[in-house]
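First the structure, in the form of structure tokens, and then the observations on it.
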Amino acid sequence: MLFFHRPPEGDNTPPSLRIAPLLRFCRWFGIVPQRCVLMAYDMASLAGCLLAALLGRSIFGGVDLDLYFWILGLVLTLGPCLNAAFGLYRTGRMPAHKELQAIFSSASLLYGTILFVLFISKSADVYSRAALSLGWMLTLCVVPLARRFCRRRFCLRRWWGEPVIIFDQSASGRHLWHYLRQHPELELRPSAMFGLSGGPEKIRPRLEALVNRYPDAVALVWSSPLKGADADYISDICRCFGKVLIVNSVEKLLRRQWFTPYELGNMTALLVQQNLRSRWRKCLKRALDLSIAVPLSLLCFVPGLLLILLIRIDSRGPAIFRHQRLGRNGRSIAVLKFRTMAVDGDALLQAYLDAHPDARAEWETDRKLRHDPRVTRIGAFLRKTSLDELPQLLNVLAGSMSLVGPRPIVEEEISKYGDAYPDYCRVAPGITGLWQISGRSNTTYAERVELDRYYVCNWSVWLDLWILAKTPPAVLSRDGAY
């Protein structure tokens, strides 16, 4: 039987509010309000970046701003169209690193089109190439930040996100309902739950009535492998709804890979792209490491010497600590860190664990302690700010580590990785990674393993750039750092 089901218990969604006339107008024409808001922010960002670049260049003279009005018009009209073509206004939120890639492609094509028009019109000498280049670079930085600000500002509004109908009333369906409610950034707003039972002749007329009640909703079907009745239900739902999401697993949210539909005649396959199997992509990752690590090492040389002096003053022992960890292909590597612990740390740890059984359980679970007796005064500061890992830039230059990757582990942790250990061995360990920007020590060890596996299975240079961009805010917030 198909019937309406009220929101699950524990859902504290406020009662329906009266929709503003503008939002009612958007829905009347089938326009998703959030796309209009995102597009408005994109247009303001594109125009602002171009104007900022022109004003900055005009300080040095030689720029006639009147010449650039047509370029501003082209940016405001072609820019959103290119964004839409690259999927930046699609149903559901695009993964952050893929959104960054789409913004780069859209902005590059936009400014490439401007340069092409200037070339064929033989007027390139009249316009400032420096201003256009600066506008392009500002766009790459400002547009992602503007979209992030837009989502943070509006994601809790009732009109944000596309309404979703979940066709499942089991525990999995309720789990998915609460998950979407707790993560409005996914831009899918669950509106109702329905159960599917009965034959096709009973389901079809009820589906048509449901579409009339929720004309713009996205249908979300929780399904086991698509066989028999499940496949029939999904076919019927696809005939009634314009957008259908098929969910195959919710129990292990972190264990997922990004798929690309691939047509094989009259069949559809799902392509899993393993970028780390490509030799040229590995070279690209190495080039990215060196392009950032070399200037960063030179910049941090003097501060590093100052930290070495402070460490030696604070406690006896060497300032730099070498620890044997497992790297790519399971080989042992010497990871460099500023020493943050006392030289007799093992004895201090054992005595502390013997005196505190609760701490022993914490240590055996996560291999970390919130209140570690071995940490020195300057060591606590270095850990909170992650400056203790600064010497690992030398590991990156040597090639034993990468800027982004799984955290290096010791042999005792292999058993904790289980069947994910072969994935860990496929890449060089990193200074930062998904775990570091996802709460660090506030996450469980199992979550850390799944984050590492996700990174390896879905690696791209855009994922690395996104993680690098997220690292400074994570370090400054000190979330999970101890």
Problem set entry | Qualifying positions in the range 378-415 - assigned to a helix (DSSP H, G or I), open to solvent by less than 30 Å² (accessible area, probe 1.4 Å) and in contact with a Ser or Thr (Cβ under 7 Å, 6 or more places away or on another chain) | Gly379, Leu382, Asp388, Leu393, Val396
Exercise. Residue check: is Thr385 touching a residue at least 60 places away in the same chain (Cβ under 8 Å) and either within 26 Å of the chain's Cα centre (by Cα) or under 22 Å from Leu307 (Cβ atoms) (or both)?
Worked result: yes
For this session: Can you confirm whether the range 184-194 contains a residue that is modelled with pLDDT of 80 or more, out of contact with any helix residue (DSSP H, G or I) (no Cβ under 6 Å at 6 or more places or on another chain), part of a loop (DSSP other than H, G, I, E, B) and within 21 Å of Val32 (Cβ to Cβ)?
Result: yes
For this session: Output the number of the condition that Arg206 fails; it satisfies all remaining conditions of (1) of a type in the set (D, E, K, R); (2) open to solvent by 50 Å² or more (accessible area, probe 1.4 Å); (3) without any contact (Cβ under 8 Å) to a residue 60 or more places away in the chain.
Result: (3)
Problem set entry | Residues satisfying the stated conditions in the range 58-81, i.e. surrounded by 14 or more Cβ atoms within 10 Å (Cβ to Cβ) and either hydroxyl-bearing (Ser, Thr, Tyr) or over 16 Å from Val142 (Cβ atoms) (or both) | Ser58, Val63, Tyr68, Ile71, Leu74, Leu78
Exercise. Is it the case that the range 466-475 has a residue that's surrounded by fewer than 16 Cβ atoms within 10 Å (Cβ to Cβ) and either small (Gly, Ala, Ser) or out of contact with any Asp or Glu (no Cβ under 8 Å at 6 or more places or on another chain) (or both)?
Worked result: yes
For this session: Please go through the range 118-152 and pick out each residue that is of a type outside the set (Gly, Ala, Ser), open to solvent by less than 60 Å² (accessible area, probe 1.4 Å) and assigned to a helix (DSSP H, G or I).
Result: Leu118, Leu132, Leu138, Thr139, Leu140, Val142, Val143, Pro144, Arg147, Cys150, Arg151
Seminar exercise, completed: Among (1) closer than 29 Å to Leu309 by Cβ; (2) hydroxyl-bearing (Ser, Thr, Tyr); (3) surrounded by 19 or more Cβ atoms within 10 Å (Cβ to Cβ), Tyr424 falls short only on (1)
Problem set entry | Residue tally, condition open to solvent by less than 70 Å² (accessible area, probe 1.4 Å) and modelled with pLDDT of 75 or more, over the range 209-233 | 9
For this session: Give the range 29-64 a look and list any residue that's among the aromatic types (Phe, Trp, Tyr) and touching a Phe, Trp or Tyr at 6+ places or on another chain (Cβ under 8 Å), or say none.
Result: Tyr41
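The values are calculated or read from the model by the stated rules, or taken from the named source; none is laboratory data. Keep in mind the model is a prediction, meaning the values are calculated, not measured. FYI the Cβ positions are ideal-geometry reconstructions off the backbone, even for glycines, and counts take in every protein chain you see. We work out accessible area using only protein heavy atoms, side chains counted, and drop any ligands, DNA or RNA first. Shrake-Rupley method; radii C 1.70, N 1.55, O 1.52, S 1.80 Å.
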